[in-house]
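*Asks:* Mind looking over this structure? Questions follow.
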Amino acid sequence: MDSQSTHPALEPIAFLLGRWEGVGVGGYPTIESFRFGQEITFEHNGKPFLSYHSTTWLLDDEGTMVRPLATESGYWRALPERQLEIVLAHPTGIVEIYLGEVAFHKIEMRTDVVARTATAKEYTAGHRLYGLVNGNLMYAYDMAAEGQPLTSHLSAELKKVG
Ligand code: HEM
């Protein structure tokens, strides 16, 4: 539906639109660190939100795909004054609502609400920083989970591929 013109409210985050692919590193005090590949798509249908979808896969030392890792989907809603409301769903039984702010090509967001199913891991908060650097989408993600305070879980750099 990208043939529609973007809603004016999307202007501050229109730079996200399209398909991004790249690699990142992950870790946490409770797990082994790992390298992963990621594809993210942002689409719009003319309304004031972006549809967001991310898939990731584990990479071995040679950069070969080993198996799927996390996937997440949701909506990035653009509000006046460069404010954002982001709703994300995870197949691990977690849903998150983030409040965010856009400053030029930088987006910072923090969870306002997290809900979990009875079997989900103990996850209580997230903080994400996205930025466009030399045309690439870079982000860093910190989370509070499994008794740890907000601590780095992921960072990645993605190139625009569509
Ligand atoms: C790009 C996306 C992500 C990747 C590649 C990724 C990868 C991983 C991997 C490989 C592990 C360790 C093994 C496992 O449990 O599968 C892990 C653990 C975990 N991840 Fe992620 N993750 C991602 C996003 C997220 C997000 C968005 C959340 C929270 C909503 C999250 C929460 C957790 C938690 C709670 C653990 C468990 C830590 C523990 O067991 O001590 N991850 N992640």
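*Asks:* Any idea which of (1) more than 15 Å from the ligand (Cβ to nearest atom); (2) open to solvent by 80 Å² or more (accessible area, probe 1.4 Å) is the one residue 16 doesn't satisfy?
*Replies:* (2)
*Asks:* Among residues belonging to the range 74-111 that are polar (S, T, N, Q) and within 11 Å of the ligand (Cβ to nearest atom), point out the one that is surrounded by the most Cβ atoms within 10 Å (Cβ to Cβ).
*Replies:* 111
*Asks:* Of all residues being within 30 Å of residue 14 (Cβ to Cβ) and near the ligand (Cβ under 8 Å from one of its atoms) in the range 112-158, which is surrounded by the fewest Cβ atoms within 10 Å (Cβ to Cβ)? Just the residue, please.
*Replies:* 141
*Asks:* Given the conditions (1) open to solvent by less than 50 Å² (accessible area, probe 1.4 Å); (2) without any contact (Cβ under 8 Å) to a residue 24 or more places away in the chain; (3) within 10 Å of the ligand (Cβ to nearest atom), and given that residue 27 satisfies all but one, which numbered condition is not satisfied?
*Replies:* (2)
*Asks:* Another question, if that's okay. If the Cβ limit is 6 Å and pairs must be 6+ apart or interchain, which residue in the range 115-138 that is over 15 Å from residue 96 (Cβ atoms) pairs with which residue that is of a type in the set (Gly, Ala, Ser) and surrounded by 15 or more Cβ atoms within 10 Å (Cβ to Cβ)?
*Replies:* From the range 115-138, the pairs are 129/140; 138/131.
*Asks:* Next question. From the list 21, 39, which residue is within 18 Å of the chain's Cα centre (by Cα), within 26 Å of residue 121 (Cα to Cα) and either open to solvent by 80 Å² or more (accessible area, probe 1.4 Å) or acidic (Asp, Glu) (or both)?
*Replies:* Just one listed residue meets the conditions, 39.
*Asks:* Follow-up question, since we're still on this one. Return the residue satisfying two criteria in turn: it lies in the range 47-68 and is open to solvent by less than 70 Å² (accessible area, probe 1.4 Å) and over 30 Å from residue 10 (Cα atoms), and of such residues it is nearest to the ligand (Cβ to nearest atom).
*Replies:* Out of the qualifying residues, it is 58.
The values are calculated or read from the model by the stated rules, or taken from the named source; none is laboratory data. Quick caveat: nothing in here was measured; it's all calculated off a predicted structure. Using ideal geometry, Cβ is built from the backbone for each residue, glycine included, and neighbour counts are taken over all protein chains shown. Just the protein is used for accessible areas: all its heavy atoms, side chains included, with ligands, DNA and RNA removed. Shrake-Rupley method; radii C 1.70, N 1.55, O 1.52, S 1.80 Å.
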